[in-house]
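A quick write-up on the structure given underneath.
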Amino acid sequence: MEKRGSFSNVRGFILASVGSAVGLGSIWRFPYLVGDNGGAVFVAAYLCMVLLVGIPVLLAELAIGRSSQSNVYGAFRKLAPGSKFPWHWAGGLAIITCVFILAFYTVVSAWVTGYMFEAIRGTFSKLETPAQAAKLFESLTASPRWVLPFQVLFFAATALIVAHGVKKGIERSCEILMPILGVLLLGLAIWGALLPGGSEAFTYLFKPNSQLTTRGLAEALGQAFFNLSIGMGVMITYGSYLKKEENLLRASISIVVFDTLVSFLSAIAIFGLLFSMGGKPVGGSDLVFKVLPVFFPRMWGGQFFAVLFFGLLALTALAATISLLEVPVSYLVDERKWTRKKAAWTTAAASFLFLGIPCALSPGPLANFTWFFRQTFFDFLMFVSSNILLSVIALATTLFVGVAWGLRPARKAITEGSSAAAAVPAVVWKLLIWVVCPALIVLTLVAAATQYIQP
Ligand code: PHE
């Protein structure tokens, strides 16, 4: 049997977790959600969700992982051995959710990687209007011959790294990827802020100009989960590779601070750039692909920055897909005694063949194949995973902590090694785990479900 992996120290763990958290969710999704949901009010709602639900759930997941030293499926069983309720099903659901997310996340990652190659080839220099850029995006993403090779490349890179194990594969690659990313992003943000549109970007992002809708509230929580990589077992799995004495509160705060910082930096960079070029944040979700390519060639060093920008996005996506693949792999290695190599390659191949291909073909050949609640397979999988499954699993996690594991042992596990966490009164933990988190999660689940049922 293979020896269970572990991070060399808390720094390695933080790098890997930040790598998982920072991704397309922070750089691509956060800016457009802010734009779509009224700017500063959404930013405030998002920060509240991160503080009230994000941090407690993150701490709970890390504590479950570290205390059980087990994969997501085994962890629930180990910590509540006598429980009649099948809590480990939540672990099973988390494993499936990771395979789902992997399937559509690699499609967007493939587009990003493809755009980096198009930037190198100079394709964007021929674009004159956003309408042309939109057309280019539609024709490229509709072509299986363009998308599939990049998607295969992405799956292969992910499997290769995960097959090399926790220390040599995950930790080492994040050690190299994360600092490069930080420097690139900081540079882009400073540049975006200094451009003529920089101050307009700040106003757009931070000055309240509308009211928050129910949908905005639901999106804020969904984004907090997706962005922090919680609600799908990633943090339970990474926490299980941590040694007992590490300070969980400090680790969680580092993850949240870095992740939030990256979200804000990229929003400033993207909007600063966009406003400077006279662009409008319309159809926000397509900003990165449909708008930016028109603007890059018009500025000094544009081609270079375009390659850099899409390269950066691809790198962040890779650290995220690594963490997604690690969840099923750690289950197969721990519980089914597979070798790491076999687990990594088999899961990646299965996710690609059965789910990844239909996702990749959704904008093109399968565009009219909308059996799934009038959505393409890609949209369906994305919505169900990020707006429903993540919330269900996070809810199960808080209930598990409150009911099955017990607040007292959970609090002990969380506060171990952290005097600051120990100073938080037990009643605050109780309130957060028993009332605030479940209530907010149920609220957003209902909001998400009604949105789904609407025609
Ligand atoms: N947190 C990642 C992002 O912001 C996405 C992700 C979700 C990664 C779930 C791992 C697990 O893009």
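The values are calculated or read from the model by the stated rules, or taken from the named source; none is laboratory data. Note that the structure is a prediction, hence the values are computed from the model and not measured. Backbone-built Cβ (ideal geometry, glycine too); neighbour counts: all protein chains shown.
Please determine, by comparing only the residues of segment 93-151 that are outside any helix (DSSP H, G or I) and farther than 14 Å from residue 310 by Cβ, which one is farthest from the ligand (Cβ to nearest atom).
128
In this entry, residue 270 is excluded by the filter for residues that are of a type in the set (Val, Ile, Thr), at pLDDT 90 or above and within 16 Å of the ligand (Cβ to nearest atom). Taken together, the criteria place residue 50 among residues that are within 13 Å of the ligand (Cβ to nearest atom), aliphatic (A, V, I, L, M), assigned to a helix (DSSP H, G or I) and under 18 Å from the mean Cα position of the chain (by Cα). Figure legend. Inter-residue proximity from segment 66-87: first residues in a loop (DSSP other than H, G, I, E, B), second residues of a type in the set (Ser, Thr, Tyr), beta-carbon distance below 7 Å, spacing 6+ or different chains. Indicated pairs: 69/240; 70/240; 71/237; 71/240; 71/330; 71/331. Among the residues making up segment 313-339, those that are of a type in the set (D, E, K, R) and buried (at least 20 other Cβ atoms within 10 Å of the Cβ) are 326, 334. Taken together, 327, 262 contain a single residue that is within 13 Å of the ligand (Cβ to nearest atom), at pLDDT 85 or above and either among the aromatic types (Phe, Trp, Tyr) or farther than 30 Å from residue 73 by Cα (or both), which is 262. Out of the residues in segment 34-48 meeting the condition of being surrounded by fewer than 24 Cβ atoms within 10 Å (Cβ to Cβ) and among the aliphatic types (A, V, I, L, M), tell me which one is nearest to residue 440 (Cα to Cα). So, considering only residues that are surrounded by fewer than 24 Cβ atoms within 10 Å (Cβ to Cβ) and among the aliphatic types (A, V, I, L, M), the one nearest to residue 440 (Cα to Cα) is 45. Inspection of segment 232-243 identifies at least one residue that is under 21 Å from residue 12 (Cβ atoms), within 13 Å of the ligand (Cβ to nearest atom) and either part of a loop (DSSP other than H, G, I, E, B) or over 19 Å from the mean Cα position of the chain (by Cα) (or both). Counting only helices (runs of 4 or more DSSP H) that fall entirely inside segment 389-446 and contain at least 1 residues that are in contact with a Phe, Trp or Tyr (Cβ under 8 Å, 6 or more places away or on another chain), the qualifying elements are 390-399, 407-415. For residues in segment 290-312 being hydrophobic (A, V, I, L, M, F, W, C) and at pLDDT 85 or above, which is surrounded by the fewest Cβ atoms within 10 Å (Cβ to Cβ)? In this case the residue turns out to be 304. With respect to the conditions (1) part of a helix (DSSP H, G or I); (2) more than 26 Å from residue 238 (Cα to Cα), residue 300 falls short on a single one, namely (1).
Exactly one residue out of 386, 351 is within 21 Å of the chain's Cα centre (by Cα), buried (at least 18 other Cβ atoms within 10 Å of the Cβ), modelled with pLDDT under 95 and of a type in the set (S, T, N, Q): that is 386. Is it fair to say residue 161 is among the hydrophobic types (A, V, I, L, M, F, W, C), at pLDDT below 95 and crowded, with 20+ Cβ neighbours inside 10 Å? When the stated conditions are applied, residue 161 passes them.
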